[in-house]
Structures are given as C-alpha cells and as structure tokens.
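In what follows, a structure is listed as structure tokens, so that the remarks can point back to it.
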C-alpha cells in the first residue's frame, strides 16, 4: 500500500479583518478614541460653564487667607491662616482619628474575634450578638447616634460625669489629664528606644540560636526585663519626673488637661466600634482557616499548648488575617470622612466643605481631596504587596 | 512464684462512674464551667447581662410609650422609648414628602417588588429567566413611570418629594441593577490582553476604590452639573445614583475578578477549541462558573451598598436616615428620648434588611456548595 503523500501546508491565513491582532488594535483604538472624546467633551463643557459663571481655575487660592476658624487642630490655626494650612489641619485631623481608631479597633477586634471562637457559650454568644448587630447598621447612623443621642445628651459642664483616672465627660467633650514630661525626660525616651532596639536584636539572635543548636532562650521575659528595667533605671538616675495636669472644674469650665471635642470622641468611638466588628470577623476567619490537622501535627510533635499557638497556628493564621486587616485599616481611614457629617474638622469637612464653599474651586478642591485618599490607598497596597511577597507560601 | 515487679497482685479500685456526658448538666459543665478561667468568664458574662438587660428592657418595653400614646406621656421624666412618635411619623419615614393622596403608587411599587423578588429568591420556583428579566429590566421602568408620573394621567411627582425608605430602596435597587453589568464589563476588561482597555479598567477601578463614597457623592453633586452642556440640569437624585453606581461597580468588578481568577485556564481553552468567540466563551462558559463562585461576595457588596445609601443624606437627599434626622427637629414631638427612639427605629430597619441579606447569602452558599461537601 502506497503511503499517502501529504504535504505540510501553511494554515490558511484569515482575512485581515478576522485577524485577532488587527481586531484587538481596532477595538482599542475605538475605546481609546471614545474615552478621549468623552474627556474632551466634559473638559470643554466645564470650561464653558466656568466661564459663564466668571470663575477662574488654578491652585493659587491655596496661598490666600482662609478667613475661617477651625474648632480643633493640632497646630495653631486662625482666621488669618492660609488655605494650605487649612488643608494640613484637615489632613492631620484625619490622620489623628485614623491612627487612634486603628490602634483601638485592632485591640477590640482581636479580643472579640477570639471571644467569638471561645468554648465558653455565653462569651461566644455575646461576641456574635455584638458583631451581627454592629455590622448590619450603617456607620453614619451609628455616628449620629453617638454624637446626637449620646454625647449631646451628656450632662452640662457643671454636672460632668467623672470617669476613672481623673477624666471627665460632659456636653462639651472628654477631658483627660495632660502628661507634663520635664526636660530630663529626653533621656528616658532614648533609654526606651535603646531597650526596644536591644530586644529586637535579642529576639533575632535567639531565633538563629534556636535554629542552629535547638537551645531555647526566654526572649519574652528578657526583653520585658530590659525594656522595663532600663527605662526605670534611667528614669530614676536622670531624675526625670512626669507630672499630670488633671482637668479641674472651675466655675464655668474645666481648666488644665486636654479637651477632646465631642465630635472627635463620637467619631473615634463610632469608628472603633464599627471597624472592630469587621476586624473580629477577619480574625475569626483567619484562625478557622488553619486546618485542624496543623493542631494535631503540632501536638504529635510534642509541642506545648503555648508553643503550638505561637509557632504553628498564629503564623499561619496571620498570613490569612493581615491582608484583609490592612484593607479594614484603609476602610477606617476612608470612613473617617463621615466625620464631616457630625462636624469633626477632618479633610472632607474642612476642604471639600468650607474651603470649596468659600473659594468655589470645585474641581481643584475635589481633585486634591481625592489625591490624598488615593495616596493612602496606593501606599497601603504597595506595603501589602511587599508583605504578601514576603510571607507567600514557598511551594516546590 | 518469682517476684515479677511489673505484675500487680491486688485489684485496682474501680474508678467512679464517668460524670454525665450528655444532658443539661453536662452541657453546662462543658460550655460554661469547663475550668476555673471558664467559670470566671461565665460569671463576667452573666454579670454583664444582668447589668445590661433590665435597663434595656425598661427603656424599650417597660417604661416605653406604646404606639398611640401622646406627647405628654413621652415628656415624663425618665420615660423610655417614645414609640408613639414613630407611629405618628412613620409615613414620613417611608414615603418622605410624597403627596398623601398618591401613596398608592409607592405602595404598588413595594407590592410589585415583593411579588417579583420572592419567587426570584426561592430556588424551587421555575421561570427564573423570565422572572429575572421582569425584575431587573421591566420593574425599574415601571417604578420610574409610576412614581414620577406625568404619563397615563398620573400626576407628576418630582423626585425632590420622594423620600424615606422609598428612596433608600430605590438607590439600592438601581445601584445593584447597574453595578452588576458594569462590574462584569470592568472585570473582563481588567483581565483583557489588550493593554489600553486593561489600563483604563484598572485606573477606573482603583480610583473609585481608593476614595471614600462621600467624596464621590460630593463630586457627583458638584462636578456633574459642571461637566454637562450648558442649560442641561441633572436631577439631584440622579446625580447621587450616578455616584453610587460608579462607586459600587468598581467594588463589584473586584469581586467578580476574584471569581474569574478561580476558573482554570482549561475552561477558556476548551471554549476556544469549540470555536466560540470571546463573548460566547465568556457568556456560556466562564461567567456562569465565575459568578457562582462569588455569590457571597456579591451579596456582601449589596449589603455595603445598602448601608452606604445612608450617605446620600449628606448631599441633601431625604433617604431613610435623613428623614429620621429631620424628624428629630419636630417640636410637636420634642421629648427627651425622641432622637434615640428615631435612631433605634432606623437601625432596626437597616438591620432587618442587611441581616436577611447576609442570611440569604449563607443559605445560597450552602446550597451551591453541595458538589464539594464531604
């Protein structure tokens, strides 16, 4: 039987309008052209509208006098300050409430997340009720509740409620003692920094030691001793002293201490309560994501309970917890913009509110505000990508 | 006998019978009093409940003024929640400033919505495709015609008069209906191999996800009129709808992208080898699987969208939260607990909607998971 002669043929080339590459270029050209035309159209409209309203554009307004006061700022600001200073006040106020919120929400969230997994029925149920209630109610409503229904309903200044540690709360806000470190305290800060650096080095050394020889070193106790001991010794030797200036009720108002306005207290409180519920769910999910086999494997290796948690469960759970945890931190920062609704002078309130109303530079003001949040978000995701690359499972 | 040390010579005394391993006492012992620390925690929890429940009970039920009560009852010292106030203003909370004579129109909308939604959510009822078409395409048109009026002899009611729960539901519904297709397109665009389309989608998604909704709403309400040709006004409610839709479609896109990434390459290749083109491949093979994977994520987005609609009150739209907030200034019902009662009522309404959505998503997740159950 004769072999059938086959000749290898070039596959038939499609017509150029069926070629995927050509089609891809065509589609992209169409979409790109449409987007550019759209942008051109809105820019033109905006220019016409602005001209019709006799408005100018540009960022020169930032160097003009703001002419309004801000009720709460970390650095001096008055009616003669510039708009860029108002911008900075808004930014620092946003960051202040975000940092305090993140710290407290993390503590509360981890506690509640672990409590929900507790084998104690009553504690687990309480945590569940907390999470399911808080998560399903809008944050803005919660802020209104804390601000208008709780803090505004506090007693007047004369009948302030006394809280522990010389703190007072009334209609005008929360009053806390003000720490007054003297000049010698500089040395205590240095000692604390040194002690922290030393304990980091010790823990690194101990880890190497453990991997090389199998010898355990009580890192935690030694570090704690160094931090507390060194700081205390320097404190005593340098003769530094820490006084507290407690708020004292005068005839009409408090004197001394730090006055935190009710808007700040309500916003920080609301953000912490709300975000903690989400962090708790993240933590619970992370712990449940470590399979039971890991626990059993650790037990069969003879690890003690504490070591099992510290060396096997927690590192694996943290890998699951940290990415959503960071996005919760970012959410908290973005949600702090709701402070505008209860009058806390954060970025949106000061800038997109007052500044925009006074200058009328809508596009510039909103662009600048969005740029700030965009920076927060991009920084966070950059850090997250770096972290993910570091902790990613190394598989064969 | 040799003295073999390891053999016992005397009987071991019998151990006591194991304590009960089932029943109420055993449950208590296991769940509440397993150890000293556990007992302490139980005591702390119980103390908290004893401290918290009686005041809450007397505030909400015991000392509360029931619906139908009077203002004077609500103004008594140390009175509880003023439910009479809610009962008196409930129409405002549901319909806003909608004309009272036209209440049948929103009521028809509510009834029609429930009639279409319930069979859609109930898995055993057939005709899902028709039902979805009716709910997602026909229903919004009916809602607009019915509520806005001006056609078929209906009296026109401008959107400024819409309010309360009605507006909250409308914004959520429009946000949900528009954000799914937009989100799918954006997610597909982000996965695309065409660089310009991919870049545009990434920029769009990341920009909206990075900024808080409140700035998006400010932008929509201040900048949208600037971007429109002169003389063209955009309805205030429509501006908010545009803002909410753009915002939630970016979040939807990210959820759907997660689903697309979970689909193996083999599925794409199998589709291509059948000779399907891009849209057929996506529509028949990839998306049905991808969307099924991310139903919980999509429902979570719906929940956040529903909660986020409360932000439109900041740009001056009378949604449920804003009607509640506005009603606290009602001096006819001025009472010490007026504001608290209003907020608690609003919280309860939001909670019922969000909680049922999350339960439904759990139920759906379990139902769809049957293939992988051990």
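The values are calculated or read from the model by the stated rules, or taken from the named source; none is laboratory data. Nothing here was measured: the structure is a model prediction, and the numbers come from that model. All Cβ positions, even for glycine, are placed from backbone atoms using ideal geometry, and neighbour counts span all protein chains on display.
Just to verify a result, which residue in region B:188-245, among those that are more than 7 Å from every other protein chain (Cβ to nearest Cβ) and not in a helix (DSSP H, G or I), is surrounded by the most Cβ atoms within 10 Å (Cβ to Cβ)?
Among them, the one singled out is B:192.
If we keep just the residues of region A:143-171 that are more than 8 Å from chain B (Cβ to nearest Cβ) and in contact with a helix residue (DSSP H, G or I) (Cβ under 6 Å, 6 or more places away or on another chain), which is surrounded by the fewest Cβ atoms within 10 Å (Cβ to Cβ)?
A:170
Output the residues belonging to region B:205-219 that are free of Cβ contacts under 8 Å to residues at least 60 places away in the same chain and under 21 Å from residue B:171 (Cβ atoms).
Those that are free of Cβ contacts under 8 Å to residues at least 60 places away in the same chain and under 21 Å from residue B:171 (Cβ atoms): B:208, B:209, B:211, B:212, B:215, B:216, B:219.
Using the structure shown, decide if residue B:182 is crowded, with 17+ Cβ neighbours inside 10 Å, assigned by TED's automatic domain parsing to the domain that holds residue B:343, at pLDDT 90 or above and out of contact with any helix residue (DSSP H, G or I) (no Cβ under 6 Å at 6 or more places or on another chain).
Spelling it out, it is not the case that residue B:182 is crowded, with 17+ Cβ neighbours inside 10 Å, assigned by TED's automatic domain parsing to the domain that holds residue B:343, at pLDDT 90 or above and out of contact with any helix residue (DSSP H, G or I) (no Cβ under 6 Å at 6 or more places or on another chain).
Restricting the search to region A:101-145, which residues are within 30 Å of residue A:355 (Cα to Cα) and not in a helix (DSSP H, G or I)?
If the condition is that a residue be within 30 Å of residue A:355 (Cα to Cα) and not in a helix (DSSP H, G or I), then A:138 is the only one that fits.
May I ask you to list pairs of residues, at least six apart or on different chains, whose Cβ atoms are under 7 Å apart, with the first in region A:29-58 being within 8 Å of chain B (Cβ to nearest Cβ) and the second being surrounded by 11 or more Cβ atoms within 10 Å (Cβ to Cβ) and outside any helix (DSSP H, G or I)?
Pairs that qualify, where the first residue is within 8 Å of chain B (Cβ to nearest Cβ) and the partner is surrounded by 11 or more Cβ atoms within 10 Å (Cβ to Cβ) and outside any helix (DSSP H, G or I), are A:45/B:228; A:45/B:229; A:50/A:57.
State yes or no: is residue B:260 surrounded by 18 or more Cβ atoms within 10 Å (Cβ to Cβ), farther than 26 Å from residue A:375 by Cα and in the same structural domain as residue B:167 (by TED's automatic domain parsing)?
For residue B:260, the condition - surrounded by 18 or more Cβ atoms within 10 Å (Cβ to Cβ), farther than 26 Å from residue A:375 by Cα and in the same structural domain as residue B:167 (by TED's automatic domain parsing) - is met.
Output the number of the condition that residue A:234 fails; it satisfies all remaining conditions of (1) within 33 Å of the chain's Cα centre (by Cα); (2) surrounded by 12 or more Cβ atoms within 10 Å (Cβ to Cβ); (3) in a helix (DSSP H, G or I).
So residue A:234 meets the others, but not (1).
What is the one condition in (1) touching a residue at least 24 places away in the same chain (Cβ under 8 Å); (2) surrounded by 18 or more Cβ atoms within 10 Å (Cβ to Cβ) that residue A:356 does not satisfy?
Every condition holds for residue A:356 apart from (1).
Within region A:179-216, restricting attention to residues that are surrounded by 14 or more Cβ atoms within 10 Å (Cβ to Cβ) and modelled with pLDDT under 80, which residue is farthest from residue A:154 (Cα to Cα)?
A:184
In region A:282-396, which helices (runs of 4 or more DSSP H) lie fully inside it and hold 3 or more residues that are in contact with a helix residue (DSSP H, G or I) (Cβ under 7 Å, 6 or more places away or on another chain) and at pLDDT below 85?
The qualifying helices (runs of 4 or more DSSP H) are A:314-335, A:362-391.
Find the residue count for region B:6-39, including only residues that are surrounded by 12 or more Cβ atoms within 10 Å (Cβ to Cβ) and either in contact with a strand residue (DSSP E or B) (Cβ under 9 Å, 6 or more places away or on another chain) or part of a helix (DSSP H, G or I) (or both).
So the answer is 8.
If we scan region A:194-212, do we find a residue that is part of a helix (DSSP H, G or I) and within 14 Å of another protein chain (Cβ to nearest Cβ)?
Looking for residues that are part of a helix (DSSP H, G or I) and within 14 Å of another protein chain (Cβ to nearest Cβ), one finds none in region A:194-212, hence no.
Looking only at region B:310-323, how many residues end up being more than 8 Å from chain A (Cβ to nearest Cβ) and crowded, with 17+ Cβ neighbours inside 10 Å?
8
Output the qualifying pairs, or none if there are none: Cβ atoms under 7 angstrom, residues six or more apart or on different chains, first residue in region A:269-296 and in contact (Cβ under 8 Å) with a residue 24 or more places away in the chain, second residue part of a loop (DSSP other than H, G, I, E, B).
A:284/A:117; A:287/A:117
Of the conditions (1) closer than 26 Å to residue B:246 by Cα; (2) touching a strand residue (DSSP E or B) at 6+ places or on another chain (Cβ under 8 Å); (3) more than 9 Å from chain A (Cβ to nearest Cβ), residue B:333 clears all except one; give me its number.
Single failed check for residue B:333: (1).
Is it fair to say residue A:244 is in contact with a strand residue (DSSP E or B) (Cβ under 8 Å, 6 or more places away or on another chain) and crowded, with 18+ Cβ neighbours inside 10 Å?
no
In this structure, is residue A:122 within 14 Å of chain B (Cβ to nearest Cβ), at negative phi and either surrounded by 15 or more Cβ atoms within 10 Å (Cβ to Cβ) or in contact (Cβ under 8 Å) with a residue 24 or more places away in the chain (or both)? Steps first, answer last, please.
On the way: within 14 Å of chain B (Cβ to nearest Cβ): yes; at negative phi: yes; either surrounded by 15 or more Cβ atoms within 10 Å (Cβ to Cβ) or in contact (Cβ under 8 Å) with a residue 24 or more places away in the chain (or both): yes.
Here the answer is yes, as residue A:122 does meet what is asked.
Out of A:188, A:99, I need the residue that is out of contact with any helix residue (DSSP H, G or I) (no Cβ under 6 Å at 6 or more places or on another chain), more than 30 Å from residue B:35 (Cβ to Cβ) and away from chain B (no Cβ under 14 Å). Which one?
A:99
Which residue is nearest to residue A:365 (Cα to Cα), if the candidates are limited to region A:65-85 and must be assigned to a loop (DSSP other than H, G, I, E, B) and in contact (Cβ under 8 Å) with a residue 60 or more places away in the chain?
Per the criteria, the residue is A:66.
Spot the failing condition for residue A:98; the list is (1) in the same structural domain as residue A:333 (by TED's automatic domain parsing); (2) farther than 30 Å from residue B:336 by Cβ; (3) without any contact (Cβ under 8 Å) to a residue 40 or more places away in the chain; (4) in a helix (DSSP H, G or I), and only one is missed.
It fails just one condition, (3).
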